[in-house]
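The values are calculated or read from the model by the stated rules, or taken from the named source; none is laboratory data. What you see is a predicted model; the values in this text were computed from it and never measured. Glycine also receives a Cβ, built like all others from the backbone with ideal geometry; neighbour counts cover every protein chain displayed. SASA here: full protein model, heavy atoms, side chains in, ligands and nucleic acids out. Shrake-Rupley method; radii C 1.70, N 1.55, O 1.52, S 1.80 Å.
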Amino acid sequence: MALLELKNVTKEFGGLVAVNQVSLEIDSGEFVGIVGPNGSGKTTLFNVINGVFFPEKGNIIFDGVDITRLPPFKRAPLGIGRTFQIPRPFSSATVRENVAVGAMFGTLSKKVNVDDSLEIADQIIDRIGLHEYTGKQAGTLTPVEKKLMEIARALAMKPKLLLMDEAMAGMHPNDIDQMVDLIKKIALEEKIAIVSMVEHIMRAVVGMVEKVIVLHQGSKIVDAPTKEALEDPKVIEVYLGHPPEETHAVS
Amino acid sequence: MFFEQITGNLIQGLVLGSVYGMATMGLSLIFGVLKIVNVGHGAFIMVGAFITLWLFNTLGLSPILAIPAAFAVGMLLGLLFYYTTMRRLIKAPELASLLATFSIGILLEEVIKLIFGSEFRGYNWAVGKLNLGVTVLPMSKLYACIGSAIIALLLYIWFNKTRAGTAMRSVVEDSEGARVCGVNVDGTYAMSFAIGIGLTVVSGVLLTMFIPVGINPYMGGGYTLKAFVIAVLGGLASPYGAFFGGLVFGLIENGSYMLFALIPGVEPFALTRFLSFVILLIILLIRPTGLLSTK
Amino acid sequence: MKKNSLTIILSCVAVFCFCFLSNSFAAKKKIVIGHPACLSGKYAKAGEQAVGGIKACIDWVNTNYGGVTLDGKKVPLEYKYYDCESKKESVTSLLGRLITVDKVNVVFAPYSSGLTLRGAPVSESNRMLYMDHGGANNKIFTQGFRYVVQTIGPATAYHEGTLNMIHMTDPEAKRVALAYEDSEFAKMVMEGAETHAKKLGFEIVFKRTYPKGVTDLTPLLSALKASKPDFILGGGHFEDGQLFNRQMADLDINSNALSLIAAATLPAFYEALTSMAEGVMGPSHWEYGVKYSKSEAKKVGMEWIGPGQDEFVALFKKAVGKDTIPDYHAAEAGAQVLAYVLAVEKANSFDTDTVRKALGDLTFMSFYGGWDIDDSGLQVGHSMVDVQWQDGKRIIVWPREARTGKLVYPIPTFAEKAKGKIATP
Amino acid sequence: MKTISKYYPLLPVLAVYFIMFLVGKNVSGMWQLVAMLLFYCALGQAFNIFLGMTGYVDFGYVAFMGVGTYGMAVTITQLAHVEGLGFLVITIGFLMALLFSTLLSLAVGAVALRLKGAYFAIATIGVNEGLRFFIEGARIWNGSEGLIFMAELNQILGRKTASALATFWADIMVLFIAMSAAYVTLLFMRSKIGYALTALREDEEAAKVMGINVTKYKIIAFITSACFAGLLGAASWALKTPYVFPPEVFEIHYTIEAIIIVLLGGAGTLLGPVIGGLIYGLSKYYLSIYMPGFQLLIFAPIIIVIIVIFPEGIIGMLKNRFKDTSLARFII
């Protein structure tokens, strides 16, 4: 059984259809890339999956539970972690506290008290390699550090599924390689399925994901193993059919 | 009899409402562009009232001439407070800007008190009355109403037809987007704050044309609260929505009195106030963008 | 850097302790009046007047009267006042300081019934005489306070004189409209007016209130107009009284008489309204022009103390440093000084209980008029005067023995007044 | 050992209160000043639980003090004629204050807490003003005439006890309220609630995605803060001030004062409101003694300068300065 299943999910804003009849399946431990140009509905899809928006039509099933109408704070403990395109740390709290918040509220176990979650936070911070920043206020970190911290925060939730929104955008290629290795390692150890959303860094897509889902104007046009998908004429059309500036613009 | 009274009240309410609307446009403009609630709003209205009073009683100038003077003073005050204080608080949490504008209000009140004293003053601009049968309308009130409508119209034109106005509208919609499109956001902030304060000070002139007594350094408090309700009626961020919000508010305030008076054992006037706050809450819940917005 | 801030903190603590411990150890060679005055905040205007009135009368006692006679010696009066900002928290804290640090002999309450009530328990528990010149609420004196003594008259009596006067002037007038501010003080006045009006056989055709801080009275006044009253009583504070009169003019509502409490008697009222205020009346505790004098006191067989009216006005101007005529807030506060001085002399002591007893037995007349309290401390000996604007001047029209001119009744309509007609008898 | 060290930050707070108590008790003439300072500290601490920890600006906060005051006042006036109740009346009064403020906070919370930022601030102003006009307009609890109840207090407790209550024990109650508010603040900070509130204050949407039920935690902070306000109203505005007039207990200036205190000391810190309350109260007191009539003129620009230059408040600033020193564990 798939870990996450979307059945004909549609989300509209006013008259604008942001996500159109999307169905997809993601298996436990699978690495999936969601690719699509700016405005293709990727972020909306993420927001629908973790409950920031409710879809107008369709169902979302996670780990055998229908979560279509579940508010986000109830989905997270089921095992859905998330990072944001522009990092959203709890600025006044320290890195350690930020990560501890993930451990405290992001799991189903009610027994995780404050002390336990701080311990969990310490472990994860060590693993991610943020040790020297642990006492620093999250708002004072550099953008790359913030991204790492967000990943640590999401991992502290012990997710089964990790949604990463443009996690590698704006990073130096060397850092990207390092980070991909790190995330992959942890994900394999913890059996986390990763859905990474990317706009144009194809290198990272190739290096990391096993499967690619391509969105175009809210609809899914391709859902195939990475290599196959990249050679798909529809993908080539979506990417080359648009002027390069647009695909490089930050949404 | 009842019908006659209620018609009279509604006419009065409409005239009053136009001035109320005018007195809220500055608040809405500033909120729309800078996302700052000017809690010291009433103090700027008070400044306008004192400008009128001073020009009329000391120099003998008609309140109509006070309008441009008040606008100029308001623009200067706006620029002064923008560059010394507000500019640093745009990105700060609400708490800071709320407290800062409140303190600015207190500062203005105390300075005016130091200059003019805390006496309640008034002036008498005798320009006749208009008898409508159901009610009597002094011409000064009518001028205030017409003045408000003209200013609201001018603002509308300026907003929609000029370059600076368009820039301002784009900042209301999306300040980041406007920045990317090459709008001088900081300049627009300063301009909007100054114009917002200018409008508020002018509304002080019109309000004293409407009610030329009770002019005192602390007169603004009640108007601030009313302006909040009106601004919400018109959709907080929309200056000309605020104008129509004012009309609606004036009608409610004056119209509901007769209905509450039918309930025995209550104080109907206090209940009209209660009603306006109930309406405020209802609108905030069901339609925070205001009654008139299309969204 | 760290050292620096430590020093700052330490010095802050030091300053704090110093402030706490600083105590005045002045030797007792004078009698001190303490006063948490309202010099800022919502009662600033009344508070400034009161301070001026008190200063004027203390000046008179110390210079003209030579001081308070105690054991055959003349002891000067001293005045210690702070600004309570019209706030209850400040009232009690300043009261505590006045009683224990400054060791005053008597405390004058701040303006308003609320603030007076807030301070009362503190003065009671310190066995301190607490003289009330700005709290008119009758209920202050049913609370069982032992040391609260009133100089201002009770609120229920404010419109009694006006009703008596109209009853005698125009027996035909029957329909009275009451429109007061929705506040504890004005409601109490309204209650008193209603009871008295019914006693005199008037019919109350309109009885409504308007909220504090109102800026437009149109709906209320339209309803009032429809009730067709013979005369109108109302008001609450100064600002709404001004608005009341102005909007009556705007809506062209005319009646035979209009009396507004706490507003119509002040000069600023006419300054703001000019001709519209012609003929408008107001009850007052005191007005410039009342004919209380030493000879008047002799006539009715009462003891007299204090400056004459003109002397008081001159002293007041000197005290505030401005050329303004004092209003009743100043007069009642000033008269309170005189009451205290007399009581101390009678008791030949400044012990609180003894002075309180002497005050209970005291009746006298000053420029402010009669002064007498009942057992609870409520002022019963002072009668209010009614003032009417006639040709831009305040004429005292009631009571007969104090009046400086005749009542104009009915008053000209607003249309007539706009054309320049003035209210003259 | 670890459990004790958790409570270290309470030490400076309690120390300040203890010193205040000692000074008030032993230095003649200081008790009423200390009472005022305690009131401001308690007000700051109570408001900080909501304002400081959630970042939501409740402009109508004073309404909770208002209904608390009414809770006590109504109890006293209603039960005065029942003989032999004595201090039980005061206890019932506090319970009524708690009940009223809880009910109001539930109602307001359900409605207004869905709104954010300026909309929330305006809605809460509306609740406060609306409630006042409702009490006046519908003539509830005597309408604008209010309740005056020193006589009833004398009747219930006897003159001597009633007087001691109004001039001393009411202030002690305020002290207890202030200390309990400090304790609850620390408890919150050290528990999941504190982490959840910090998260939602910084970024509500991210907090939701982290699994935080933001509504639940906002309501917890809101009700707790409102209850302390209700108790404070009952103690300081009913027992210490034997009257209630609607315009005075719904006076918006008290909300502003509370905001100033919290911001001055440092929003969301434990020690901040205490220091803020002390500085605010003392400067008001001495300004009114040495410069009567000019407090506000001096105060307003100072507040503006503080907001612009030290947006984190005094304790916020100190916290950062002493971050890596041994003092750090005492200052939060």
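Here is a yes/no grid of residues against (1) touching a strand residue (DSSP E or B) at 6+ places or on another chain (Cβ under 6 Å); (2) at pLDDT 90 or above; (3) surrounded by fewer than 17 Cβ atoms within 10 Å (Cβ to Cβ):
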| site | (1), (2), (3) |
| --- | --- |
| A:Val17 | no, no, no |
| A:Phe31 | yes, no, no |
| A:Gly36 | yes, no, no |
| A:Thr44 | yes, no, no |
| A:Ile49 | no, yes, no |
| A:Val52 | no, no, no |
| A:Pro55 | yes, yes, no |
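Tell me yes or no: at least one residue of the stretch D:179-193 is open to solvent by less than 30 Å² (accessible area, probe 1.4 Å) and either within 10 Å of chain A (Cβ to nearest Cβ) or over 24 Å from D:Tyr8 (Cβ atoms) (or both).
No.
For D:Gly211, state whether it is within 14 Å of chain A (Cβ to nearest Cβ) and either at pLDDT below 90 or at positive phi (or both). Steps first, answer last, please.
Working: within 14 Å of chain A (Cβ to nearest Cβ): yes; either at pLDDT below 90 or at positive phi (or both): yes.
Yes; evaluated as a whole, the condition is true for this residue.
Between a residue in the stretch B:111-137 that is within 8 Å of chain C (Cβ to nearest Cβ) and open to solvent by 30 Å² or more (accessible area, probe 1.4 Å) and any residue that is at pLDDT 85 or above and assigned to a strand (DSSP E or B), which pairs come within a Cβ distance under 6 Å, given they are 6 or more apart or on different chains?
Pairs that qualify, where the first residue is within 8 Å of chain C (Cβ to nearest Cβ) and open to solvent by 30 Å² or more (accessible area, probe 1.4 Å) and the partner is at pLDDT 85 or above and assigned to a strand (DSSP E or B), are B:Arg121/B:Ile215; B:Lys129/B:Val136; B:Lys129/B:Pro138.
With the checklist (1) among the polar types (S, T, N, Q); (2) crowded, with 22+ Cβ neighbours inside 10 Å; (3) more than 14 Å from chain A (Cβ to nearest Cβ); (4) in a helix (DSSP H, G or I) in hand, flag the one item D:Thr241 doesn't pass.
(4)
Just to be sure I understand the filter: pairs with C-beta atoms under 6 Å, separated by 6 or more residues or on different chains, first member in the stretch B:154-180 and open to solvent by 80 Å² or more (accessible area, probe 1.4 Å), second member in a helix (DSSP H, G or I) and not acidic (Asp, Glu). Which pairs pass?
B:Tyr156/B:Tyr240; B:Arg179/B:Val185
Sort out which residues of the stretch B:206-216 are more than 11 Å from C:Gly213 (Cβ to Cβ) and facing chain C (nearest Cβ under 9 Å), and write them in order of number.
Of all residues in the stretch B:206-216, those more than 11 Å from C:Gly213 (Cβ to Cβ) come to B:206-213, B:215-216.
Residues satisfying the conditions are B:Leu207, B:Phe210, B:Ile211, B:Pro212, B:Val213, B:Ile215, B:Asn216.
Yes/no per residue for (1) open to solvent by less than 50 Å² (accessible area, probe 1.4 Å); (2) more than 8 Å from every other protein chain (Cβ to nearest Cβ); (3) of a type in the set (A, V, I, L, M, F, W, C):
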site	(1), (2), (3)
A:Val65	no, yes, yes
A:Thr83	yes, yes, no
A:Ala93	yes, no, yes
A:Ala100	yes, no, yes
A:Gly106	yes, no, no
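Name every residue in the stretch D:126-139 that is open to solvent by 10 Å² or more (accessible area, probe 1.4 Å) and within 21 Å of B:Ile282 (Cβ to Cβ), in order of residue number.
Keep residues of the stretch D:126-139 that are open to solvent by 10 Å² or more (accessible area, probe 1.4 Å), which gives D:127, D:129, D:131-134, D:138-139.
The answer is D:Val127, D:Glu129, D:Leu131, D:Arg132, D:Phe133, D:Phe134, D:Ala138.
Okay, residues lined up against (1) away from every other protein chain (no Cβ under 12 Å); (2) under 30 Å from C:Glu124 (Cβ atoms); (3) out of contact with any Cys (no Cβ under 9 Å at 6 or more places or on another chain); (4) at pLDDT 95 or above:
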residue: D:Gly86; (1), (2), (3), (4): yes, yes, yes, no
residue: D:Ser101; (1), (2), (3), (4): yes, yes, no, yes
residue: D:Val111; (1), (2), (3), (4): no, no, yes, no
residue: D:Lys116; (1), (2), (3), (4): no, no, yes, no
residue: D:Ala138; (1), (2), (3), (4): no, no, yes, no
residue: D:Trp141; (1), (2), (3), (4): yes, yes, yes, no
residue: D:Gly158; (1), (2), (3), (4): no, yes, yes, no
residue: D:Ala164; (1), (2), (3), (4): no, yes, yes, no
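Looking for whichever is in a helix (DSSP H, G or I) and within 24 Å of B:Val229 (Cα to Cα) here; the options are B:Ala49, B:Ala66, B:Ala72. Which one fits? Even if it seems obvious, please write down each step before you answer.
Details: B:Ala66 fails: within 24 Å of B:Val229 (Cα to Cα); B:Ala72 fails: within 24 Å of B:Val229 (Cα to Cα).
Exactly one residue qualifies, and that residue is B:Ala49.
Here is a check on your reading of the model: is A:Asp122 at pLDDT 90 or above, within 24 Å of A:Asp27 (Cα to Cα) and of a type in the set (D, E, K, R)? Lay out the reasoning, then the answer.
Numbers: at pLDDT 90 or above: yes; within 24 Å of A:Asp27 (Cα to Cα): no; of a type in the set (D, E, K, R): yes.
No, not satisfied.
On the given criteria, is B:Ser192 part of a helix (DSSP H, G or I), in contact (Cβ under 8 Å) with a residue 60 or more places away in the chain and either open to solvent by 20 Å² or more (accessible area, probe 1.4 Å) or more than 14 Å from chain C (Cβ to nearest Cβ) (or both)?
Details: part of a helix (DSSP H, G or I): yes; in contact (Cβ under 8 Å) with a residue 60 or more places away in the chain: yes; either open to solvent by 20 Å² or more (accessible area, probe 1.4 Å) or more than 14 Å from chain C (Cβ to nearest Cβ) (or both): yes.
Considered against the rule, which asks whether it is part of a helix (DSSP H, G or I), in contact (Cβ under 8 Å) with a residue 60 or more places away in the chain and either open to solvent by 20 Å² or more (accessible area, probe 1.4 Å) or more than 14 Å from chain C (Cβ to nearest Cβ) (or both), B:Ser192 comes out as yes.
So D:Ile279 clears everything in (1) at the interface with another protein chain (Cβ under 8 Å from one of its Cβ atoms); (2) within 19 Å of the chain's Cα centre (by Cα); (3) open to solvent by 20 Å² or more (accessible area, probe 1.4 Å) except one condition, right? Which one?
It fails just one condition, (1).
Looking only at the stretch B:55-78, decide whether some residue is open to solvent by less than 30 Å² (accessible area, probe 1.4 Å), out of contact with any Cys (no Cβ under 6 Å at 6 or more places or on another chain) and within 14 Å of chain C (Cβ to nearest Cβ).
No, because not a single residue in the stretch B:55-78 is open to solvent by less than 30 Å² (accessible area, probe 1.4 Å), out of contact with any Cys (no Cβ under 6 Å at 6 or more places or on another chain) and within 14 Å of chain C (Cβ to nearest Cβ).
Go through (1) closer than 25 Å to A:Lys191 by Cβ; (2) in contact with a Lys or Arg (Cβ under 7 Å, 6 or more places away or on another chain); (3) in contact (Cβ under 8 Å) with a residue 60 or more places away in the chain; (4) within 9 Å of chain D (Cβ to nearest Cβ) for A:Ser28 and report which single condition fails.
(4)
Just to confirm my filter: which helices (runs of 4 or more DSSP H) fall fully inside the stretch A:23-142 and include at least 3 residues that are acidic (Asp, Glu)?
Counting at least 3 such residues, we get A:114-128.
Among the residues of the stretch D:59-104, which ones are β-branched (Val, Ile, Thr), under 20 Å from D:Ala151 (Cβ atoms) and part of a helix (DSSP H, G or I)? Walk me through it before giving the result.
So the first thing to find is which residues in the stretch D:59-104 are β-branched (Val, Ile, Thr), and the list is D:62, D:67, D:69, D:74-77, D:82, D:89-92, D:102.
Next, only the ones that are under 20 Å from D:Ala151 (Cβ atoms) stay: D:69, D:74-77, D:82, D:89-90, D:92.
Listed by number, the residues that qualify are D:Thr69, D:Val74, D:Thr75, D:Ile76, D:Thr77, D:Val89, D:Ile90, D:Ile92.
Report, ordered by the first and then the second residue, all pairs with beta carbons closer than 9 Å, sequence separation of six or more or different chains, a first member in the stretch D:158-172 that is on the phi > 0 side of the Ramachandran plot, and a second member that is surrounded by fewer than 23 Cβ atoms within 10 Å (Cβ to Cβ).
Taking only residues 6 or more apart or on different chains, the pairs are D:Gly158/D:Gly86.
Please specify each residue of the stretch A:121-136 satisfying the condition of being more than 20 Å from the chain's Cα centre (by Cα) and open to solvent by 60 Å² or more (accessible area, probe 1.4 Å).
A:Gln123, A:Asp126, A:His131, A:Glu132, A:Lys136 - these are the residues of the stretch A:121-136 that are more than 20 Å from the chain's Cα centre (by Cα) and open to solvent by 60 Å² or more (accessible area, probe 1.4 Å).
Which numbered condition in (1) more than 14 Å from chain C (Cβ to nearest Cβ); (2) open to solvent by 10 Å² or more (accessible area, probe 1.4 Å); (3) in contact (Cβ under 8 Å) with a residue 60 or more places away in the chain is the only one that D:Gln78 fails?
(3)
Of the residues that make up the stretch C:249-269, is at least one surrounded by fewer than 24 Cβ atoms within 10 Å (Cβ to Cβ), within 14 Å of chain B (Cβ to nearest Cβ), among the β-branched types (Val, Ile, Thr) and assigned to a helix (DSSP H, G or I)?
For the stretch C:249-269, residues surrounded by fewer than 24 Cβ atoms within 10 Å (Cβ to Cβ), within 14 Å of chain B (Cβ to nearest Cβ), among the β-branched types (Val, Ile, Thr) and assigned to a helix (DSSP H, G or I): absent.
Output the number of the condition that B:Ala100 fails; it satisfies all remaining conditions of (1) open to solvent by 20 Å² or more (accessible area, probe 1.4 Å); (2) assigned to a helix (DSSP H, G or I); (3) of a type outside the set (S, T, N, Q).
Among (1) open to solvent by 20 Å² or more (accessible area, probe 1.4 Å); (2) assigned to a helix (DSSP H, G or I); (3) of a type outside the set (S, T, N, Q), the lone unmet condition for B:Ala100 is (1).
Give the number of residues within the stretch B:138-148 that are buried (at least 16 other Cβ atoms within 10 Å of the Cβ) and either in contact with a Phe, Trp or Tyr (Cβ under 6 Å, 6 or more places away or on another chain) or closer than 15 Å to B:Ile67 by Cα (or both). Before the answer, list the steps.
Of all residues in the stretch B:138-148, those buried (at least 16 other Cβ atoms within 10 Å of the Cβ) come to B:138, B:140-145, B:147-148.
If we keep only those that are either in contact with a Phe, Trp or Tyr (Cβ under 6 Å, 6 or more places away or on another chain) or closer than 15 Å to B:Ile67 by Cα (or both) as well, we get B:140-141, B:143-145, B:147-148.
Number of matching residues: 7.
Might you check whether a residue that is at negative phi, assigned to a helix (DSSP H, G or I), without any contact (Cβ under 8 Å) to a residue 24 or more places away in the chain and crowded, with 24+ Cβ neighbours inside 10 Å occurs anywhere in the stretch D:219-237?
Going residue by residue through the stretch D:219-237, those that are at negative phi are D:219-237.
Subsequent filtering for residues that are assigned to a helix (DSSP H, G or I) retains D:219-237.
Adding the requirement that they be without any contact (Cβ under 8 Å) to a residue 24 or more places away in the chain leaves none.
No.
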